[in-house]
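Here is the structure we will look at, set down as structure tokens.
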Amino acid sequence: MNLSFPYRETWLHRVNPTHKLAVSALLFLLVLLTHDPNVMLLLAVAALLPLALFSGHPPLRLLLYASPFLLLFVSSASGMMMFGSGETVWFQYGLIRITEESFYRGLHLGFRSLQVAAVGLAFALTTRPVALFYSLMQQLQLPARYAYSFLAAFNMLPLLAEEFVTLRQALQIRGGRRPRGLRGLYERLRMYAIPLLAQCIRRAHRTAAAMGAKRFASGAGARTFYYRYRLSAADAGYALYVLASTLLAWQLGQHWPLLPVKSVV
Amino acid sequence: MAERMSGLNRGAAAPGNEAESGNAEESGKAASQDAERAAAGSLRTEAAGAPARSGAAAVPVAAEAIGLRLKYPGEEAPLLFRDLDVTIRRGEKVLLLGPSGCGKSTLLQVLGGLVPSAIPIPLKAERLVVPERPGYVFQDPEAQFCMPYADEEIAFALENQAVPREQMPERIAACLEQAGLELPDPHTAVSELSQGMKQRLAVASMLAVDPDALLLDEPTALLDPEGTAQVWDALRRIWDGRTVLIVEHKIDLIAGDMDRILLFSPDGRLEADGPPEEIFRDCRAQLRRYGVWYPGFWDDEAAAKAGRFGSTDGGAHAGAAAPLDAADETHVLPHAPVPAGGGTLLAAAAAAPGADASAAAAPAAGTPPLPAPLLELDGFAGMRGREVKVRADRLSVCAGDWIAVTGANGAGKSTLLLAIMRLVRSEGRMRLLGAPEARLRKPRQAAELAAYCFQNPEFQLVTDSVAEELAFSMPERLSPPERDGRVRTLLERFALAGLERRHPYQLSMGQKRRLSVASAMACGQRLLLLDEPTFGLDAAGTVSMMEQLEELRRSGCAILMVTHDDELVRRFATRRWQVEQGVVRELPAPARPAPSSPPDDGASRRPGRGAAPASDHKPDYEPDYGADPAAEASPTGSPEAALARSVLPKGAPTR
């Protein structure tokens, strides 16, 4: 089963994966420490821009990929808005109580989740797992045994999906009496989990043997790399963009606020 | 060649005269084991004492295990090898044969050095020599690769040996070329390759380690005939000058290339060791008893049956030792319980006047009515997503039909079956036992009328015991005693009696298959769809499966079976649907000898199993159809067959 789709390669794909990962992690820390909704809004925009422009995937597919995150934005924002605490009440109906404070806090939370999602999605869409692990081995000296184990596991995912489909078909045919409720859920889980796990364990065993047969030694030992990952112009561009957009967001957000609140804390 | 006989065929040949009965369990068995140990013992000292063995030592040893003992972890696991001695000389092509579970694959991994270094299994050996640079090809095309692209996979092997990066693209191209895998771009996703191409990629990545010994663990077990031929062609091109060890069931294409065959018994003893001609001439009895494929297996099988049922022609088969051990074979291969069962070749002929049919035969005797088709397809199309994958126009299946669905991997055979079962989308008209489209929307509705068995039986087995498994899909209205009764009947019919408490996963592959068929037919369906039912089974398992199916067919069921095995098509199927480029066509010639032909006909003709391409078969059978044109012209077959089909004997499943 094919789980990957063709895409156009952009400069974002050429950014060193380790570098990209580190920057994404730093951005995550930064947004955790941002309490100004104006800055948050601009940071979210700064994260969405490269995703929209340089992911290399067509916009419709991008929207599909992003749909869970958009849902997350709406749900976390609205949840906080309607049920958060605050003093200046704007609207009240039963349990729902929207206050000025909760409204802005909700917006802030929504932008934050959007930013994190956009950064994560951009990373995932522009980084092949192979590239990431090769780069981690080369830049961060990740032991080869972990890197290739992960890659082998990635390789198994499409097979797992295929087996899941077969299993579902088999269970559709078998029918049978299934208990309802919680016990039914457990039964169903068991029916899927056991054959899939059994297959996976066997396959992992076979893959391990095949890797061993190709002289993959779990210990150290010199190895060369088919792909070489270094820092390039794309990395400079990426670092520059993130730095500039973050500084700009902080400056603009603080000096020309779009929302009448300074902090949500 | 003297060195061929180097190893342990002495073990089998040596007379037992040493009474070392410390752990003798059964007297008979123990005696032979002692004999072997004694022989092995003397050999051991010889080998250890004289490293430069006279004469035989001219060719250096490529791989050797002396006094090998090996046991899988776990309390109950038996000792897999007991002081086994094997010596493989450099450049030898050796085939390991034996029943499933005898430890061939494990031995291959021991001799290649994969056990215990990469696969930790406790083992003890007095001497273990492994090749310097072993190269492996394994059975499962999916589980061999850890990288998503072809070039990356080969590069992985190169990286492991610290080949400089600059040389890699060149080496990758060379490996692909040698393996006969022509890719427009080496950077091709492995998932886009066909199964046969994947195995050739496995060969290519094996070549990346520049192996001096090739260890091939059923490299073509999962391939269609075309892929199988391609893989062996590729291997043949590269194996000159290299030591080759092969474990394989489908041996027709390679048996002739081998220098030596090692035959193992079920308990992991080396039973025979010699050149192929010798083994296939002298050890047929063991080969048959252990359920191992060998060239001419089906002929012997048919001959054995003919012999058993009193055919005088039975002994006429030149070189076939089988009739002599027909009685022996009955112990090992579970047979269909019906006494009138004239074996597979006799089946249709026997069914008409057969004892089981007589009970209900009388009313239909005059003019047999044309049986209503169990399945009709009209302008039918099976889809994958929005794309039509397979089309079938004006085809029908009647009771008593055994239809082989053949075609290359990916042609759409499985999709056809899935579409009939409503598991994938379909277009066009389909009637199942007269039930109209409207009553066949959901897979479950189709499943009540037609049973379906997946290629991997494990996916179908959902409960914790064989008995529960059989009861699982039975109609809810049944009372517990009725249910138990039916379970017992199924256990008997499918040779699963005594296993009711066993967890389905603990069964052998053959038992799992039979259980999946039995449980799929729990509602008494009369149409059975099977996706490669003999896949991964040894000869004994295959024969037993086929006999179960023949039994069902004769009791009034129809069988639609996807298979790649031409031999099965020829010997068992009554009709053949060929799927080519997404279109199902009925091939005019029924695959199996017409019911009216003498029982012995098919058996005496074909020398090998599956060695010849399918097209070769037709001329052979034409005389048969000349004799009885009706048999091939109409799907209902000859009058006798039609009669046999129009009545449902007692054994028929009930709805």
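A:ARG230 meets each of the listed conditions (1) more than 7 Å from chain B (Cβ to nearest Cβ); (2) part of a helix (DSSP H, G or I) apart from (2). The one condition from (1) crowded, with 18+ Cβ neighbours inside 10 Å; (2) of a type outside the set (Val, Ile, Thr); (3) away from chain A (no Cβ under 13 Å); (4) over 30 Å from B:ARG89 (Cα atoms) that B:CYS146 does not meet is (3). Tell me, yes or no, whether segment B:488-501 has at least one residue that is within 13 Å of another protein chain (Cβ to nearest Cβ), under 25 Å from the mean Cα position of the chain (by Cα) and surrounded by 14 or more Cβ atoms within 10 Å (Cβ to Cβ). Looking for residues that are within 13 Å of another protein chain (Cβ to nearest Cβ), under 25 Å from the mean Cα position of the chain (by Cα) and surrounded by 14 or more Cβ atoms within 10 Å (Cβ to Cβ), one finds none in segment B:488-501, hence no. Residues that are more than 10 Å from chain A (Cβ to nearest Cβ) and closer than 17 Å to A:ILE194 by Cα were ranked within segment B:451-467; the one that is farthest from the chain's Cα centre (by Cα) is B:SER465. Quick one: is A:LEU30 more than 30 Å from A:GLU101 (Cβ to Cβ) and assigned by TED's automatic domain parsing to the domain that holds A:ALA122? In short, no.
What are the residues in segment B:107-138 that are among the hydroxyl-bearing types (Ser, Thr, Tyr) and modelled with pLDDT of 90 or more, if any? Scanning segment B:107-138 gives a single hit, B:TYR136. B:VAL129 meets each of the listed conditions (1) within 12 Å of chain A (Cβ to nearest Cβ); (2) over 29 Å from the mean Cα position of the chain (by Cα); (3) surrounded by fewer than 19 Cβ atoms within 10 Å (Cβ to Cβ) apart from (1). Pairs are defined by a Cβ separation below 6 Å, a sequence spacing of at least 6 or placement on different chains, a first member in segment B:140-155 that is over 27 Å from B:GLY536 (Cα atoms), and a second member that is buried (at least 22 other Cβ atoms within 10 Å of the Cβ) and of a type in the set (Val, Ile, Thr); the pairs so defined are B:ASP151/B:ILE172; B:ILE154/B:ILE172. For segment A:79-136, the tally of residues that are surrounded by 15 or more Cβ atoms within 10 Å (Cβ to Cβ), of a type in the set (Gly, Ala, Ser) and over 19 Å from A:LEU42 (Cβ atoms) stands at 5. Scan segment A:160-171 residue by residue and report those that are out of contact with any Cys (no Cβ under 9 Å at 6 or more places or on another chain) and buried (at least 17 other Cβ atoms within 10 Å of the Cβ). Across segment A:160-171, the qualifying residues are A:THR166, A:LEU167, A:GLN169, A:ALA170, A:LEU171. Would you call A:GLY237 surrounded by fewer than 16 Cβ atoms within 10 Å (Cβ to Cβ), assigned to a helix (DSSP H, G or I) and under 28 Å from the mean Cα position of the chain (by Cα)? Yes, satisfied. Considering only residues that are in a loop (DSSP other than H, G, I, E, B), facing another protein chain (nearest Cβ under 7 Å) and not charged (D, E, K, R), look in segment B:132-143 and name the one that is farthest from A:ALA204 (Cα to Cα). Among them, the one singled out is B:PHE138.
Taken over segment B:128-141, the criterion of being closer than 12 Å to B:PRO219 by Cα and of a type outside the set (A, V, I, L, M) is satisfied by B:TYR136, B:PHE138, B:GLN139, B:ASP140, B:PRO141.
When the test is whether a residue is under 26 Å from the mean Cα position of the chain (by Cα), more than 9 Å from chain A (Cβ to nearest Cβ), at negative phi and in a loop (DSSP other than H, G, I, E, B), B:PRO184 does not pass it.
How many residues are of a type in the set (S, T, N, Q) and in contact (Cβ under 8 Å) with a residue 40 or more places away in the chain if we restrict to segment A:44-80?
Residues meeting the conditions: 1.
The values are calculated or read from the model by the stated rules, or taken from the named source; none is laboratory data. Treat the numbers as computed from the prediction; the structure is a model and nothing was measured. In this analysis, Cβ positions are derived from the backbone assuming ideal geometry, glycine residues included, and neighbour counts consider all displayed protein chains.
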